[in-house]
Amino acid sequence: MKLVVLFTLLAVVSCEKKTDSETKEKENEAQVIQVSDGKEIKAEEKKLDTPQTKKVEKALDFVKLKYDSKDRPSSVKFPGKAKHGVRWQDRNGDNWFIFSSTRAMQNGKLQVENLYGTHVAILDGEVKTLRSVKELKTECEDDWNASFEQRAVSILDLDKDGYGELSFGYRVTCTSDVSPNTYKLMVLENGEKHILRGSDIIDMGSEVIGDGEYKMEGFKGEKVLLEHLKKVWKNTVKVKL
Ligand SMILES: [Ca+2]
């Protein structure tokens, strides 16, 4: 009789252990299901916009997309008139970056352009402006000019964190003769801006002016982004006249 009780007790304990084990498996299954569910992932990712958390979460695929202004939703707002744009998908959703400009008068007659860059991301119908960049006409007695550098544009995900990195640049000048322009080259990632700011090099054939020196701003150890931007600087800093 005692043996029967002992076996019964052992069986109960064993059964309880098995039940614990099964429960753990079910929890694991539930986690897997949650991670596999695209909607659940998106709901989680909407909260993930801090550098501290973005590295540890599962990333959506970064994909560069074809930009077509006809596809651009009316909810993508930007100042002035669009000059061109780029588009990509990443963990922020459907990303649009619009290069635009407005016209401003200079010295009462000549028209100059104010430049704007606007990064808008759309996720599950929610529209967010992640970063705006602008270069406005400043006080300038001579000719003021600002223009985007098309050769500097790239969209990559070099650090593989699921957030696209948009690089672009523009030149600004206030001068009445031929002299180096201020050159600003930047990379935007998930609303953060890292920039190289300096002056460009003018190649006039018989003479080259400017040193192409720059200073770094906004870098906090993003080595891969800095190295990329340095290469872009080297490839785009010179202007041939
Ligand atoms: Ca990235």
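The values are calculated or read from the model by the stated rules, or taken from the named source; none is laboratory data. Because the structure is a prediction, the values reported are computed rather than measured. FYI the Cβ positions are ideal-geometry reconstructions off the backbone, even for glycines, and counts take in every protein chain you see.
Here Glu213 passes the criteria (1) modelled with pLDDT of 95 or more; (2) within 12 Å of the ligand (Cβ to nearest atom); (3) more than 21 Å from Asn114 (Cα to Cα) except the one numbered (2).
Scanning for something surrounded by 14 or more Cβ atoms within 10 Å (Cβ to Cβ), out of contact with any Leu (no Cβ under 8 Å at 6 or more places or on another chain) and assigned to a strand (DSSP E or B), does segment 162-172 turn up at least one residue?
Looking only at segment 162-172, we keep the residues that are surrounded by 14 or more Cβ atoms within 10 Å (Cβ to Cβ), and these are 162-172.
Subset that is out of contact with any Leu (no Cβ under 8 Å at 6 or more places or on another chain): 163, 171-172.
Filter again for assigned to a strand (DSSP E or B), leaving 171-172.
Yes: segment 162-172 contains one or more residues that are surrounded by 14 or more Cβ atoms within 10 Å (Cβ to Cβ), out of contact with any Leu (no Cβ under 8 Å at 6 or more places or on another chain) and assigned to a strand (DSSP E or B).
When segment 189-212 is filtered for residues that are part of a strand (DSSP E or B) and surrounded by fewer than 22 Cβ atoms within 10 Å (Cβ to Cβ), the ones remaining, listed by number, are Glu192, Lys193, His194, Ile195, Arg197, Gly198, Ser199, Ile201, Ile202, Asp203, Val208, Ile209. Can you run down the residue pairs with Cβ atoms below 6 Å, 6 or more apart or on separate chains, where the first is in segment 70-97 and within 15 Å of Asn190 (Cα to Cα) and of a type in the set (Lys, Arg) and the partner is outside any helix (DSSP H, G or I) and modelled with pLDDT of 95 or more? That search, which allows pairs on different chains as well, returns Arg87/Leu65; Arg87/Tyr67; Arg87/Trp96; Arg91/Tyr163. If you go through segment 135-147 one residue at a time, do you hit one that is away from the ligand (no atom under 16 Å from the Cβ), assigned by TED's automatic domain parsing to the domain that holds Asp203, of a type in the set (Gly, Ala, Ser) and touching a strand residue (DSSP E or B) at 6+ places or on another chain (Cβ under 9 Å)? The answer is yes, given that some residue of segment 135-147 is away from the ligand (no atom under 16 Å from the Cβ), assigned by TED's automatic domain parsing to the domain that holds Asp203, of a type in the set (Gly, Ala, Ser) and touching a strand residue (DSSP E or B) at 6+ places or on another chain (Cβ under 9 Å). If you go through segment 75-113 and keep only what is touching a Gly at 6+ places or on another chain (Cβ under 7 Å) and part of a strand (DSSP E or B), you end up with Trp88, Asp90, Asn95, Trp96, Phe97, Ile98, Phe99, Ser100, Ser101, Thr102.
Residues to consider are Thr129, Thr102, Thr118; find the one that is surrounded by fewer than 18 Cβ atoms within 10 Å (Cβ to Cβ), among the hydroxyl-bearing types (Ser, Thr, Tyr) and either within 21 Å of Tyr183 (Cα to Cα) or within 16 Å of the ligand (Cβ to nearest atom) (or both). Write out each step before concluding.
Values: Thr129 fails: either within 21 Å of Tyr183 (Cα to Cα) or within 16 Å of the ligand (Cβ to nearest atom) (or both); Thr118 fails: surrounded by fewer than 18 Cβ atoms within 10 Å (Cβ to Cβ).
Sole residue among the options that is surrounded by fewer than 18 Cβ atoms within 10 Å (Cβ to Cβ), among the hydroxyl-bearing types (Ser, Thr, Tyr) and either within 21 Å of Tyr183 (Cα to Cα) or within 16 Å of the ligand (Cβ to nearest atom) (or both): Thr102.
Scanning segment 213-234 for residues that are touching a Lys or Arg at 6+ places or on another chain (Cβ under 7 Å) and either outside any loop (DSSP other than H, G, I, E, B) or surrounded by 19 or more Cβ atoms within 10 Å (Cβ to Cβ) (or both) turns up Tyr214, Lys215, Glu217. Kindly indicate the residue of segment 154-180 that is in contact (Cβ under 8 Å) with a residue 40 or more places away in the chain and touching a Gly at 6+ places or on another chain (Cβ under 8 Å) and also farthest from the ligand (Cβ to nearest atom) among those meeting that condition. This residue is Phe168.
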